[in-house]
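The values are calculated or read from the model by the stated rules, or taken from the named source; none is laboratory data. This structure is a prediction, so every number in the text was calculated from the model and none was measured. Positions of Cβ are backbone-derived with ideal geometry, glycine not excepted, and every protein chain shown enters the neighbour counts.
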Amino acid sequence: MDFAALLAPREPELLRLARDLYASRPDLQKAFPSESAAFCQWLAVHGVLEYPALAPFYPPLPPTGLRATVCGGLPMASHLYTGAEDFKMLGELFELFAQRPLTSLRSVFDFGCGCARVLRWFQMALPTVPRHGADVRAETIAWCQHNLVGTYARNATMPPLPFADASMDLTYALSVFSHLSREQNLVWMAELARVTKPDGLILVSTHGAFALALCARSPEHQSTLQIGADEARTILRSLARESFAHRVLPAAIRESADGVADDYGQAFFNELFARDHWSQFAEFVGCVPCGLNLFQDMYALRPRPR
Ligand SMILES: C[S@@+](CC[C@H](N)C(=O)[O-])C[C@H]1O[C@@H](n2cnc3c(N)ncnc32)[C@H](O)[C@@H]1O
């Protein structure tokens, strides 16, 4: 995937602004080769925050309240940066598992899109590829509908999604199955397989053994997952026997997360679960342990022809 080409300024005015900015900043010249992928990413992450003249050329920035509903409410620069890194990861896995270039993409669907932390990068990098997002949270979907280009829909806690069979080329869900109960996990994987093209790809992240092992040792990760060290060890042991574990989040947290299912929580599962239980809907194509930000595992699946 050529990230520099995908994110290179397209509009002549943006190209002029970017070149002037680079020429005026020795620190940027030292940090990045001119017009490199890293400089294009810097423009879309820090450039838009530091230079108001750049903002009209990039998708609007989500308000703080909506950022707080995804990934623990990261500061704006981190929200943008992690979105870029996750976009690149998805592009690389798509090319690896679908065995064609990301530029061949015909449509993309982000399930549990939040305020489009990742989908905004598809809008910048592949503006002609139809984009779709769905989430249970009404206000994030309303913001996406008013601020981004694409089809954004609020879904209920149970399928169906308002999308046609076999309409999506790449379907992905980041940090969504990591919350779903076993019952929700299975109905939603069946639904993602329904809306994805038979020669398309589904990419899904979740917490597995590595995330639990890290939580057993690291107070920072315990706080991220709101789990204690002993509980992490207990779940880790149970995964070896049962391959799926789920704990419902406290009522106060669930109630503050608008629209989520009553059994919303933290899910942990391993490759055995994915192979055994998802194979009824989709062919297991691969697993990349810790593929998402060196913490969550990434799974790749291809829908079974219907
Ligand atoms: C941790 S956030 C991740 C958001 C986004 N995927 C990202 O990586 O920035 C989890 C998201 O999943 C959404 N969600 C939870 N259950 C869902 C469901 N059954 N259907 C659709 N979205 C769901 C939540 O509202 C929230 O926006």
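Taking first residues from segment 113-124 that are crowded, with 24+ Cβ neighbours inside 10 Å and partners that are among the β-branched types (Val, Ile, Thr) and assigned to a helix (DSSP H, G or I), the Cβ contacts under 6 Å between residues at least 6 apart in sequence or on separate chains come to GLY114/THR140; CYS115/THR140. The condition of being away from the ligand (no atom under 15 Å from the Cβ), surrounded by 15 or more Cβ atoms within 10 Å (Cβ to Cβ), acidic (Asp, Glu) and under 30 Å from SER167 (Cα atoms) holds for only one of GLU271, GLU231, GLU191, that being GLU271. Across segment 225-247, a minimum of one residue is classified as in contact (Cβ under 8 Å) with a residue 12 or more places away in the chain, over 16 Å from THR206 (Cβ atoms) and part of a loop (DSSP other than H, G, I, E, B). Any residue at all in segment 195-210 that is within 15 Å of the ligand (Cβ to nearest atom), surrounded by fewer than 16 Cβ atoms within 10 Å (Cβ to Cβ) and either not assigned by TED's automatic domain parsing to the domain that holds CYS290 or not hydroxyl-bearing (Ser, Thr, Tyr) (or both)? Checked segment 195-210: no residue is within 15 Å of the ligand (Cβ to nearest atom), surrounded by fewer than 16 Cβ atoms within 10 Å (Cβ to Cβ) and either not assigned by TED's automatic domain parsing to the domain that holds CYS290 or not hydroxyl-bearing (Ser, Thr, Tyr) (or both).
Among the residues making up segment 162-183, a single one is farther than 22 Å from PRO130 by Cα and either outside the structural domain of LEU203 (by TED's automatic domain parsing) or more than 13 Å from the ligand (Cβ to nearest atom) (or both): ARG182. Hey, among the residues in segment 61-87 that are under 13 Å from the mean Cα position of the chain (by Cα), within 11 Å of the ligand (Cβ to nearest atom) and of a type in the set (A, V, I, L, M, F, W, C), which one's nearest to VAL260 (Cα to Cα)? Residue satisfying both the conditions and the ranking: VAL70. Give the residues of segment 105-121 that are more than 11 Å from the ligand (Cβ to nearest atom) and among the small types (Gly, Ala, Ser), sorted by residue number. Within segment 105-121, SER107 is the sole residue that qualifies. If we scan segment 91-111, do we find a residue that is touching a Pro at 6+ places or on another chain (Cβ under 7 Å), closer than 21 Å to THR171 by Cα and assigned to a helix (DSSP H, G or I)? Yes, segment 91-111 has at least one match.
Candidates GLY133, GLY150: the one that is on the phi > 0 side of the Ramachandran plot and of a type in the set (Gly, Ala, Ser) is GLY150.
Within segment 24-54, the set of residues being more than 19 Å from TYR81 (Cβ to Cβ) and at pLDDT 95 or above comprises SER24, PRO26, GLN29, LYS30, PRO52, ALA53.
Considering only residues in segment 149-161 that are within 13 Å of the ligand (Cβ to nearest atom) and not in a strand (DSSP E or B), the one that is nearest to PRO56 (Cα to Cα) turns out to be ASN155.
Within segment 1-42, the set of residues being part of a loop (DSSP other than H, G, I, E, B) and within 29 Å of GLU92 (Cβ to Cβ) comprises MET1, ASP2, ALA8, PRO9, ARG10, GLU11, PHE32, PRO33, SER34, GLU35, SER36. Exactly one condition in (1) of a type outside the set (Val, Ile, Thr); (2) within 16 Å of the ligand (Cβ to nearest atom); (3) free of Cβ contacts under 8 Å to residues at least 24 places away in the same chain is not met by ALA213; state its number. Of the numbered conditions (1) of a type outside the set (Val, Ile, Thr); (2) within 16 Å of the ligand (Cβ to nearest atom); (3) free of Cβ contacts under 8 Å to residues at least 24 places away in the same chain, the odd one out for ALA213 is (2). Residues considered: LEU102, LEU90. Of these, the only one that is within 14 Å of the ligand (Cβ to nearest atom), farther than 22 Å from VAL187 by Cβ and surrounded by 23 or more Cβ atoms within 10 Å (Cβ to Cβ) is LEU90.
Can you name every residue in segment 123-144 that is more than 11 Å from the ligand (Cβ to nearest atom) and either of a type in the set (Val, Ile, Thr) or within 21 Å of GLY73 (Cα to Cα) (or both)? Passing the criteria: THR128, VAL129, ALA142, TRP143.
Scan segment 182-194 and tell me whether some residue there is under 26 Å from ALA267 (Cα atoms) and assigned to a strand (DSSP E or B). No. Suppose the filter is assigned to a helix (DSSP H, G or I) and assigned by TED's automatic domain parsing to the domain that holds LEU148; does ALA84 pass it? Against the criterion (assigned to a helix (DSSP H, G or I) and assigned by TED's automatic domain parsing to the domain that holds LEU148), ALA84 qualifies. Of everything in segment 240-267 that's in contact with a Leu (Cβ under 7 Å, 6 or more places away or on another chain) and farther than 23 Å from ALA134 by Cα, which residue is farthest from the ligand (Cβ to nearest atom)? Here the answer is SER243.
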